[in-house]
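Down below is the structure, laid out as structure tokens.
The values are calculated or read from the model by the stated rules, or taken from the named source; none is laboratory data. This one's a predicted model, so the numbers in the text were calculated from it and none came from an experiment. Please note: Cβ atoms are built from the backbone with ideal geometry, for glycine as well, and neighbour counts cover all protein chains shown. Side chains included, ligands, DNA and RNA excluded: accessible areas come from the protein's heavy atoms. Shrake-Rupley method; radii C 1.70, N 1.55, O 1.52, S 1.80 Å.
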Protein chains: 2
Amino acid sequence: MALSLQQKIQDPTQGVYLIGTTPPKMGTEKDKVTEIANKLLGRLHEIEYDGLVIYDIQDESSRTSVPRPFPFKHTVDPREYSLLLSDLSKLDVITYKSVAQRGVKEFNNWLTETKEKYALNNLVLVGSPSSEGEIKLSLPNAYNALSEHHSKFFLGGVTIAERHASKRNEHERLLEKTAQGCEYFISQAVYDAQATIDLITSYARSCKQQGLTPNRIILTFTPCGSEKTLEFMQWLGISVPEATKWRILDSEQSLNESVRICRENLNLILQSCAHLDVPLGLNIESLTNRKEEIDASINLYRLLKATMELNLAEKQLAS
Amino acid sequence: MALSLQQKIQDPTQGVYLIGTTPPKMGTEKDKVTEIANKLLGRLHEIEYDGLVIYDIQDESSRTSVPRPFPFKHTVDPREYSLLLSDLSKLDVITYKSVAQRGVKEFNNWLTETKEKYALNNLVLVGSPSSEGEIKLSLPNAYNALSEHHSKFFLGGVTIAERHASKRNEHERLLEKTAQGCEYFISQAVYDAQATIDLITSYARSCKQQGLTPNRIILTFTPCGSEKTLEFMQWLGISVPEATKWRILDSEQSLNESVRICRENLNLILQSCAHLDVPLGLNIESLTNRKEEIDASINLYRLLKATMELNLAEKQLAS
């Protein structure tokens with residue numbers, strides 16, 4: 001009876017609440033993968049969420065000369081893990097796919113297999129982490145191949161507010177990606193509220209000027225409880241304002257402090273974007289497998305979901 | 001994978017969120033009953049809730065000489081409607097049972113049938129609406145029969161803060177009902193926040209003195225958009241402070257005003273009872289079948305659930 005994830009994403013009166021996760025490392029035995037999935041779902045038992053986001057982790061070392069704080073490890077095929085999580089949880093899943101490493105023919109085969117063998121419907125395509133290194137398939141060409149493919153998918157795109165902060169054109173990329181078939185967006189982890197507010201505002205204004213209905217933007221938040229996790233966030237390209245960095249590192253309870261910061265950031269975004277009619281959503285992830293960070297991400301989830309639901313209910317009462 | 005209603009009620013870190021409803025009137029054809037149930041569930045599509053509460057409406061005219069604002073009508077057996085709603089929604093249901101009209105033998109048969117034919121597990125027993133009129137089975141005797149019955153049920157009780165306001169002993173009734181097997185309580189509709197705060201406070205203090213863990217108290221809220229609904233609430237024994245009454249009746253948007261009042265009342269209760277460790281919950285009902293009141297009850301549900309969830313998440317962050 002419940003709405004599907006696609007229905008929720010497309011209904012602006014609804015909130016959308018996701019949990020982001022990474023597949024176990026490549027070579028993990030099948031039983032162990034199932035055990036890891038069950039453990040994750042067991043921890044999520046106490047919250048209500050609409051679906052899971054399964055990332056496709058790539059070696060992004062071409063993007064930066066700084067060493068990766070946590071060593072890069074190949075993972076189990078995100079589709080395997082998506083199918084498993086979907087079977088075990090009976091929830092919808094969104095599967096990320098990094099497209100640059102293989103050509104268009106292999107990508108087409110991948111799409112057929114994803115639909116027929118894995119029965120996955122929700123995809124987010126990710127381009128190359130940098131313009132360095134060999135790109136066998138560009139993101140626009142991948143979107144094009146997908147739109148011409150006989151299997152139909154419900155397609156989301158990635159959005160990075162930090163790109164907007166430096167280049168001021170991320171809102172145009174959202175419009176391009178929409179023309180290329182994206183029906184919603186998932187952000188990189190938010191620690192810089194202003195960059196996100198600027199992006200949402202520019203996107204809403206451009207949509208209005210062009211008479212378009214804005215797509216939903218699902219904001220990713222993640223707790224951060226240690227200097228190493230913070231370094232990793234910065235390595236990933238997440239912008240953390242200087243004051244925020246010190247607030248986390250100088251706190252005796254860094255994790256809880258980061259949860260408070262995320263909540264303040266969400267409140268600020270909701271207030272600043274209240275007049276814009278861009279439907280938002282939440283995606284909460286834990287960047288590490290440390291038990292405390294996973295527990296904190298569940299607390300963060302409850303706090304941010306309730307904050308967003310209250311905001312939506314208040315809007316409905318006022319309308 | 002989700003927690004059952006019983007598990008949620010018994011876990012103080014969880015909120016519990018219910019929708020209260022009345023079975024269709026007696027004599028309604030089976031197809032029509034299914035249609036009514038589907039229509040209700042269709043309207044609840046857009047919210048997440050843990051279960052449904054199905055009332056057992058009785059002719060309470062022995063309680064008062066004031067004429068009932070909406071005429072009393074017998075309904076379909078609440079068990080029929082509970083089973084139907086449970087089948088259609090795949091959610092847990094709580095079924096009310098008014099016990100005074102029949103003797104203990106019939107009550108025992110009713111319990112057997114409820115378990116074996118209807119497979120219902122969650123019951124709330126209701127006593128006679130007044131000490132006038134013939135009582136064939138008292139509430140304590142019904143609790144006793146249930147505890148000795150071979151079928152086991154997860155039992156809730158009714159609590160009426162208005163009785164606490166007049167007699168100052170409702171908290172003792174909660175302790176008695178707990179000794180008689182009740183594992184949670186559902187209140188009458190709350191419009192008098194102070195009466196509810198007084199009751200919860202007295203109950204928490206008594207539990208502490210006796211070394212008992214307080215049971216969950218699920219607070220019922222209902223929107224009120226007209227003078228007639230207000231009269232009906234008062235007829236049912238719901239205490240509405242004078243100022244609240246005029247705030248609703250003098251407003252140009254009575255329904256929305258009543259939703260705002262309910263939210264203020266819940267906030268006041270959450271603030272005033274934050275230090276008490278009594279787990280709370282919500283039960284939202286619409287007292288009439290008017291479309292606007294049902295829509296308002298869905299808005300009310302979203303608003304109050306988000307308010308309570310935020311309160312719980314904040315508590316967890318602080319702990």
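Computed quantities for the displayed model
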item: Selection from segment B:15-27 of residues that are open to solvent by 10 Å² or more (accessible area, probe 1.4 Å) and within 14 Å of chain A (Cβ to nearest Cβ); result: B:19
item: Verdict on residue A:136 being over 21 Å from the mean Cα position of the chain (by Cα) and open to solvent by 40 Å² or more (accessible area, probe 1.4 Å); result: yes
item: Tally of residues being more than 17 Å from residue B:47 (Cβ to Cβ) and in a helix (DSSP H, G or I) across segment B:253-291; result: 15
item: Pair list, Cβ < 6 Å and 6+ apart or interchain, from segment B:173-198 residues that are more than 24 Å from residue B:268 (Cα to Cα) to residues that are in a helix (DSSP H, G or I) and open to solvent by less than 10 Å² (accessible area, probe 1.4 Å); result: B:180/B:143; B:181/B:143
item: Residue, modelled with the highest pLDDT, within segment A:163-197, restricted to residues that are charged (D, E, K, R) and open to solvent by less than 30 Å² (accessible area, probe 1.4 Å); result: A:177
item: Output for segment B:304-314, where each listed residue is of a type in the set (A, V, I, L, M) and more than 18 Å from the chain's Cα centre (by Cα); result: B:306, B:310, B:312, B:313
item: Qualifying residues in segment B:198-225 (those that are within 25 Å of residue B:307 (Cβ to Cβ) and among the hydroxyl-bearing types (Ser, Thr, Tyr)) - the one surrounded by the fewest Cβ atoms within 10 Å (Cβ to Cβ); result: B:213
item: Unmet criterion (only one of (1) open to solvent by less than 30 Å² (accessible area, probe 1.4 Å); (2) farther than 17 Å from residue A:312 by Cβ) for residue B:264; result: (1)
item: Residue in segment B:310-319 that is more than 14 Å from chain A (Cβ to nearest Cβ), at negative phi and either at pLDDT 90 or above or surrounded by 23 or more Cβ atoms within 10 Å (Cβ to Cβ) (or both) present; result: no
item: Verdict on residue A:106 being open to solvent by 20 Å² or more (accessible area, probe 1.4 Å), over 20 Å from residue A:181 (Cβ atoms) and out of contact with any His (no Cβ under 6 Å at 6 or more places or on another chain); result: no
item: Test result for residue A:20, outside any strand (DSSP E or B) and small (Gly, Ala, Ser); result: no
item: Unique match (being more than 9 Å from chain B (Cβ to nearest Cβ), crowded, with 20+ Cβ neighbours inside 10 Å and under 19 Å from the mean Cα position of the chain (by Cα)) among A:289, A:283; result: A:283
item: Qualifying position, being touching a residue at least 24 places away in the same chain (Cβ under 8 Å), crowded, with 17+ Cβ neighbours inside 10 Å and assigned to a helix (DSSP H, G or I), among B:125, B:146, B:155; result: B:146
item: So residue A:195, is it small (Gly, Ala, Ser) and assigned to a helix (DSSP H, G or I); result: yes
item: Qualifying residue in segment B:229-246 (condition: open to solvent by 80 Å² or more (accessible area, probe 1.4 Å), within 14 Å of another protein chain (Cβ to nearest Cβ) and not aliphatic (A, V, I, L, M)); result: no
item: Failed criterion for residue B:277 (all others in (1) closer than 22 Å to residue B:213 by Cα; (2) within 14 Å of chain A (Cβ to nearest Cβ) hold); result: (2)
item: Count - residues of segment B:28-67 that are open to solvent by 60 Å² or more (accessible area, probe 1.4 Å), away from chain A (no Cβ under 14 Å) and outside any helix (DSSP H, G or I); result: 5
item: Residue A:94 of a type in the set (A, V, I, L, M), outside any helix (DSSP H, G or I) and within 14 Å of chain B (Cβ to nearest Cβ); result: no
item: Meets criteria (in contact (Cβ under 8 Å) with a residue 12 or more places away in the chain, crowded, with 16+ Cβ neighbours inside 10 Å and touching an Asp or Glu at 6+ places or on another chain (Cβ under 9 Å)) for residue A:160; result: yes
item: Any hit, segment A:68-83, residues being within 14 Å of chain B (Cβ to nearest Cβ) and closer than 16 Å to residue A:186 by Cβ; result: no
item: Hits in segment A:78-97 (condition: open to solvent by 30 Å² or more (accessible area, probe 1.4 Å) and within 30 Å of residue A:227 (Cα to Cα)); result: A:97
item: Members of segment A:237-248 found to be free of Cβ contacts under 8 Å to residues at least 12 places away in the same chain and either not hydrophobic (A, V, I, L, M, F, W, C) or not in a helix (DSSP H, G or I) (or both), listed by number; result: A:242
item: Scan of segment A:158-192 for residues that are within 17 Å of residue A:273 (Cβ to Cβ) and in a helix (DSSP H, G or I), ordered by number; result: A:161, A:164, A:165, A:170, A:171, A:174
item: Hits in segment B:208-236 (condition: in contact (Cβ under 8 Å) with a residue 60 or more places away in the chain, assigned to a helix (DSSP H, G or I) and over 21 Å from residue B:298 (Cα atoms)); result: B:231, B:235
item: First in segment B:249-260 and away from chain A (no Cβ under 13 Å), second anywhere and open to solvent by 80 Å² or more (accessible area, probe 1.4 Å), Cβ under 7 Å, 6 or more apart; result: B:249/B:227
item: Output for segment A:292-309, where each listed residue is open to solvent by less than 20 Å² (accessible area, probe 1.4 Å) and within 13 Å of chain B (Cβ to nearest Cβ); result: A:296, A:297, A:298, A:300, A:301, A:302, A:303, A:304, A:306, A:307, A:308
